[in-house]
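The values are calculated or read from the model by the stated rules, or taken from the named source; none is laboratory data. Treat the numbers as computed from the prediction; the structure is a model and nothing was measured. Every residue, glycine among them, receives a Cβ derived from its backbone with ideal geometry; neighbour counts consider all protein chains shown.
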Amino acid sequence: MDALALGPSWLDPEYLIESFGLIGVLGVVFAESGLLIGFFLPGDSLLFTTGLLVVNGQYLDYPLWLVCVLIVLAAIVGDQVGYLFGRKVGPSLFNRPDSRLFKQENVEKAHAFFEKHGPKSLVLARFVPIIRTFTPIIAGVSHMQYRSFVIFNIIGGVLWGAGVTLLGAALGQVAFVNEHIELILIAIVLLSVVPIVIEFLRARRSSAREAAGGGAPAPGGASTPSRGGRHAKR
């Protein structure tokens, strides 16, 4: 496999796997699933590459089923941590100042996504970079009923964690994919940001319509959630 020429080498999926093995994969999945600092990590391309390398016998000498199970568990536990963090910090997260690793707009986008899609956002957000990191945190901030959170967290963790890994394993046996893996990974990265672009364009059109109508939309199209919100625990 050729190195993925996108950003620094430590963000290259193959470099991460070669350097840190399965522990590195699980650490990235856990961090990207619910830690504020994990939003920039290469989740989709990493899982795809993991599946591909497992079936090709490179770096990861483990059964595919075991790798999938561990990835799913890391994703679910990561979201659990994100939810509990959101419950702890509450709405104060929306007042946190921007820093090098934290942007308020990411919180606002995740909140808007959560408000739009409800509990199923925990499943949909798994396939949207950045949003998947902040959505479980927003669910905690909004005091989403814990039982519902756990159910949708498990569904999302299985579909994303096992699904993308198995896709990489299946396509990894195709000669064209192995010969053009760098292009395939670039395509995965580009496809993963399509939902973000679509939501951005929709929000921009909505803001333009509200401005034309004399309204003053809130920043990022989202408001701070409260305990009495639509998804609050009764």
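Points worth noting:
- Being closer than 19 Å to Glu32 by Cβ, loosely packed, with under 14 Cβ neighbours inside 10 Å and either at pLDDT below 80 or not aliphatic (A, V, I, L, M) (or both) holds for only one residue in Leu183, Leu201, Leu101, and it is Leu101.
- On inspection, Phe127 fails the criterion of being at pLDDT 75 or above, aromatic (Phe, Trp, Tyr) and surrounded by 20 or more Cβ atoms within 10 Å (Cβ to Cβ).
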